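For reference, the structure is listed below as structure tokens.
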Amino acid sequence: MNENELPATDKGSGEVGLKNSAMPSEEYAIELKGITKRFGEVVANDNVSMGVKKGEILALLGENGSGKTTLMNMISGIYYPDEGQIFIDGKEVRITSPRDALSLGIGMVHQHFKLVDVLTAVENVVLGLPGKLNLKEAEAKIREICDRYGFVVDPNKKVYDMNVSEKQTVEIVKVLYRGVNILILDEPTAVLTPQEAERLFRVMWRMRNDGKSLIIITHKMHEVKEISDRVVVLRKGQYIGEMNTEDSDIQEMTNMMVGRSVTLNIERKTPVNPMPRIEIEHLTILDEDGVPKIQDVSFTARSGEILGIAGISGCGQKELLEAIAGLQKIESGHIYYVEEDGTKTDLVNLSPLKIIQKGVALSFVPEDRLGMGLVGTMNIPDNMMLRSFRDGLLFTHRKEPRKLAETVVEDLSVVTPGMSVPVKNLSGGNVQKVLVGREIASNPKVLLTAYAVRGLDINSSYTIYDLINKQKEAGSAVIYVGEDLDVLLELSDRILVLCGGKVSGLVDGPGADKNEVGLMMMSVEGKEVEKRN
Amino acid sequence: MKKETKEPLFHIVKRKSMPLKKQWLVRGIAIAAAILVCAIVTVITTKMNPLSVFSAVFTGAFGSTRKVWVTLQDTSILLLISLALTPAFKMKFWNIGGEGQVLMGGLGAAACMIVLGDKIPDPLVVLLMIISSITLGAVWGVIPAIFKAKWNTNETLSTLMMNYIAIQIVAFFTIYWEVPKGSGKIGIINQNTNAGWLFEIGNKYLLTIMIAVLVTVSMFIYLKYTKHGYEIAVVGESEKTARYVGIRPGLVIIRTMLISGALCGLAGLLLVGSVHHTITTTITGGQGFTAVMVSWLAKFNPISMIFASLLIIFLSHGASEISTSCGLNQSFGDIITGIILFFIIGCEFFIEYQIIFSGKKKGGNEA
């Protein structure tokens, strides 16, 4: 594979051509045979056999709960398989810890970065390595890795000064520094802007051309199509099949994943008689250190309309939604709730309970899904009760939540071994369905959703989009924060772009251009783009 | 295929859940194993017949009608304190201040008996005892809760330290009220008039037992079926979620610790007004801490707590019987108690987790 190694200076040009030039060799870098993993009665992986070739990008596809993460966790030493064998370069190996995995040249970049904020990039990279500490040498080696694959990172920058993309770069450099040949990336683009994702892809192709094997887990099908050489599909813990990306298309991959034919489009009906529902005026929010998270933001959300909020992570969308729900301390400004007859109430300084009683539902899905909104150790009916437990006089009513739970499980096809299972034991996507299902069940006047489909497979995602659309048709004002820009553009009637806590643009959904929005997401202060509104 | 790599001897996997029957089978095996080990230890260290030692343990707890009643009464007190701590534990508020809360409750009752006994009508004394002991227990519980709610201080430390303050306050009052002067003890309060002694139902043990039964049932319902119980569970699991649905965590913490402290105060009332009729700094006998273990051992289930506290009291009565009747010292009883608890608590690991040995895997389906 050495002939494919790139000169250090080559950047930018001809990358797409490179993608197709490297034909992977037939030799497997890592091969799994008959891997089975059970958790109690649940079979997470059932006799899975697959392999990744040297110099190949393999996309691992599957719905939520299909066992992708479990499988990858076994390769990276977090779990140990009940049955089956793992071969590296044709030799059988036992991987009992992440340390074993690293020494065999397997590295995983997790969705949530594991970096020490107060240390620099170099310090983070060498952290935990045996031998004498020589930062100079390490820095030189890091620069070499960066040049080789086209990373852009300052080795001496502190992690807390970095943006998400830079942090991810450090994570990848960290595993490459340890001489990794097999790299697993778990939803690497979830937090990136389109431009940053594009840059990551270029780096990935270079690694591939350098003879490394990459496994990528992602739910964004167009990315699978763009970046991978081959896809392997899992369904319900079983290996279903594989194909060369070139010979397939998104529809075929999705059908294989779901097990039946699905339609992939989001309909966007024209809003019917939109009326202002939430009016935000000059809202400013400071964080604990007095740094503004939201600065002088004003906008209107209307009934029967989906207002999308675009922005890179940390641009203030989380704080904005929390403020509307009454969970944030507000420095200045107003959040008016407009009733049907036009009377306005300022929600600032109202308690969350008062706001809920106004009909503002917050279906907020934070990074750790169970952190806010659900109680992990409780079962589904008890979680449904979170919204309705106040109905009783002294005792909680248990019948309605149970009924609601059954409806949600059926309507959203939640996969659960039973009603009495704690929700933390469900897979991420199913947890999400439970949360979104409950929030929508209250027929809210305002529906706030953040990352409603984070980590959800394509089929469940479309179920959720559908539900959100139904809320819109029913006259709710929907404020939608999402990380898949393609979907955001397809779903929203209007899109508010935030950048560093300020409004950097407001565009109409139909006809909005992805690149333009992507640029607004990173627009420099002061350069505000007001368009078509 | 050559196996160059070493296979791990075993790996540990968390179980999804174990059928109830099997759980009890595991616990049964654990108890049998504990008894076996106890027997071996007995033979090795004392050269006595283990059966005679075991029968001594049993005699200690259930040897006579009086012993049965005392065992039940002591179980009730321990159960009551465990139940008092449980709502706090469910909220993940680690109240290890049961000792101090019970002591303050006892002090409240004793104070009423000493200061007001024989001066005002007896029913009024009892009423004031109930009010003051429950109030003092609640106050002792709520102080750390307020600090936790307002400034997020660590409740483990503050409840623990409140214990020592309570002990010192009680020590002060035992000297202040000492009878006779110079003895450093209060002795039996109102021994002649029995003023402020809680009334008896049938015999002097039954009142305590009935209150414990009543509180057990109420606590079970409170935690499982009421709005308060639900709020406690939500706050314990995730304060963020609680805030998100409009529950005020600070309020729930304070309210729950009022209940927790009040129930500890009630236990103190029974200890002073019904069981001992006196107060000393050691009247609780460390049960404020033992109750922590009982509550955990029962996995915060009030019904299981009955059995857990009975087990602990049975063992401790048995242990003291061994030391007297078999001529062995108290340490031997502690060894036996230790072995049995080790097995009973240890077997929970096997209920939660599964150990898979490498030898017996692979179903022969190598692709």
> Out of the residues in region A:76-95 that are farther than 24 Å from A:Glu187 by Cα and facing another protein chain (nearest Cβ under 9 Å), which is surrounded by the most Cβ atoms within 10 Å (Cβ to Cβ)?
Replying inline: A:Gly84
> Can you pull out the residues in region A:486-514 that are surrounded by fewer than 22 Cβ atoms within 10 Å (Cβ to Cβ) and in contact with a Pro (Cβ under 7 Å, 6 or more places away or on another chain)?
Replying inline: A:Asp493, A:Lys514
> Which residues, counting only those in region B:147-176, are over 25 Å from B:Phe289 (Cβ atoms) and either hydroxyl-bearing (Ser, Thr, Tyr) or buried (at least 17 other Cβ atoms within 10 Å of the Cβ) (or both)?
Replying inline: B:Tyr176
> Which of the residues spanning region A:375-391 are over 14 Å from B:Val235 (Cα atoms) and touching a residue at least 40 places away in the same chain (Cβ under 8 Å)?
Replying inline: A:Asn379, A:Ile380, A:Met384, A:Arg387
> Restricted to region A:330-361, and to residues that are part of a loop (DSSP other than H, G, I, E, B) and among the acidic types (Asp, Glu), which residue is farthest from the chain's Cα centre (by Cα)?
Replying inline: A:Asp341
>> Can you tell me which condition A:Ser49 does not meet? The list is (1) of a type in the set (Ser, Thr, Tyr); (2) at pLDDT 90 or above; (3) farther than 18 Å from A:Gln238 by Cβ, and all the others hold.
In response: (3)
> Which ones in region A:327-359 are modelled with pLDDT of 85 or more and small (Gly, Ala, Ser)?
Replying inline: A:Ser332, A:Gly333
> Conditions: (1) acidic (Asp, Glu); (2) touching a strand residue (DSSP E or B) at 6+ places or on another chain (Cβ under 8 Å); (3) in contact (Cβ under 8 Å) with a residue 60 or more places away in the chain. A:Glu41 meets all but one. Number of the miss?
Replying inline: (2)
>> It is to be established whether one or more residues within region B:326-335 are at pLDDT 85 or above and within 18 Å of the chain's Cα centre (by Cα).
In response: no
> Across region A:218-244, what is the number of residues that are touching a Lys or Arg at 6+ places or on another chain (Cβ under 7 Å), touching a residue at least 40 places away in the same chain (Cβ under 8 Å) and surrounded by fewer than 19 Cβ atoms within 10 Å (Cβ to Cβ)?
Replying inline: 1
>> Which numbered condition in (1) surrounded by fewer than 22 Cβ atoms within 10 Å (Cβ to Cβ); (2) assigned to a helix (DSSP H, G or I); (3) out of contact with any Ser or Thr (no Cβ under 9 Å at 6 or more places or on another chain) is the only one that B:Lys299 fails?
In response: (2)
> Counting just the residues of region B:162-197 that are of a type in the set (Val, Ile, Thr) and at pLDDT 90 or above, which one comes out nearest to the chain's Cα centre (by Cα)?
Replying inline: B:Ile167
>> Can you confirm whether A:Glu56 is surrounded by 15 or more Cβ atoms within 10 Å (Cβ to Cβ), in contact with a strand residue (DSSP E or B) (Cβ under 8 Å, 6 or more places away or on another chain), modelled with pLDDT of 90 or more and of a type outside the set (A, V, I, L, M, F, W, C)?
In response: yes
> Looking at A:Leu362, is it crowded, with 20+ Cβ neighbours inside 10 Å, under 20 Å from A:Leu496 (Cα atoms), in contact with a strand residue (DSSP E or B) (Cβ under 8 Å, 6 or more places away or on another chain) and modelled with pLDDT under 80?
Replying inline: yes
> Could you count how many residues in region A:73-113 are part of a loop (DSSP other than H, G, I, E, B) and in contact with a helix residue (DSSP H, G or I) (Cβ under 6 Å, 6 or more places away or on another chain)?
Replying inline: 6
>> Test of understanding: among B:Ile114, B:Ile96, B:Ile120, B:Ile130, which residue is in the same structural domain as B:Asn203 (by TED's automatic domain parsing), surrounded by fewer than 17 Cβ atoms within 10 Å (Cβ to Cβ) and not polar (S, T, N, Q)?
In response: B:Ile120
> Could we say that A:Lys354 is closer than 30 Å to A:Lys502 by Cβ, touching a strand residue (DSSP E or B) at 6+ places or on another chain (Cβ under 8 Å) and basic (Lys, Arg) here?
Replying inline: no
> Is it the case that A:Glu166 is surrounded by 15 or more Cβ atoms within 10 Å (Cβ to Cβ) and of a type in the set (Asp, Glu)?
Replying inline: yes
> Within the bounds of region B:94-117, is there any residue that is in a helix (DSSP H, G or I) and of a type in the set (Phe, Trp, Tyr)?
Replying inline: no
> How many of the residues making up region A:122-145 are more than 26 Å from A:Ile75 (Cβ to Cβ) and assigned to a helix (DSSP H, G or I)?
Replying inline: 10
>> Could you check region B:149-174 and list, in sequence order, the residues that are without any contact (Cβ under 8 Å) to a residue 12 or more places away in the chain and among the aromatic types (Phe, Trp, Tyr)?
In response: B:Trp151, B:Phe172
> Of all residues in region A:198-232 being under 16 Å from the mean Cα position of the chain (by Cα) and assigned to a loop (DSSP other than H, G, I, E, B), which is farthest from A:Leu104 (Cα to Cα)?
Replying inline: A:Lys220
>> Here's a check for you: in region A:322-346, which residue that is within 14 Å of chain B (Cβ to nearest Cβ) and over 20 Å from A:Pro274 (Cβ atoms) is surrounded by the fewest Cβ atoms within 10 Å (Cβ to Cβ)?
In response: A:Lys329
> Since A:Thr70 meets every condition but one in (1) more than 30 Å from A:Val203 (Cβ to Cβ); (2) in a helix (DSSP H, G or I); (3) not hydrophobic (A, V, I, L, M, F, W, C), which condition does it not meet?
Replying inline: (1)
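For A:Lys174, state whether it is buried (at least 18 other Cβ atoms within 10 Å of the Cβ) and either among the basic types (Lys, Arg) or not in a helix (DSSP H, G or I) (or both).
Yes.
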>> Given the options A:Glu226, A:Glu198, name the one that is in contact with a Phe, Trp or Tyr (Cβ under 7 Å, 6 or more places away or on another chain) and among the acidic types (Asp, Glu).
In response: A:Glu226
> Can you name every residue in region A:380-426 that is within 14 Å of chain B (Cβ to nearest Cβ), of a type in the set (S, T, N, Q) and within 28 Å of A:Gly67 (Cβ to Cβ)?
Replying inline: A:Asn383, A:Thr416, A:Ser420, A:Asn425
> Only one of A:Gly326, A:Gly314 is outside any strand (DSSP E or B), free of Cβ contacts under 8 Å to residues at least 40 places away in the same chain and closer than 27 Å to B:Thr241 by Cα; which?
Replying inline: A:Gly326
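The values are calculated or read from the model by the stated rules, or taken from the named source; none is laboratory data. Small disclaimer: the values here were computed from a predicted structure and weren't measured. Here the Cβ is made from the backbone with ideal geometry for all residues, glycine too, and neighbour counts use every protein chain on show.
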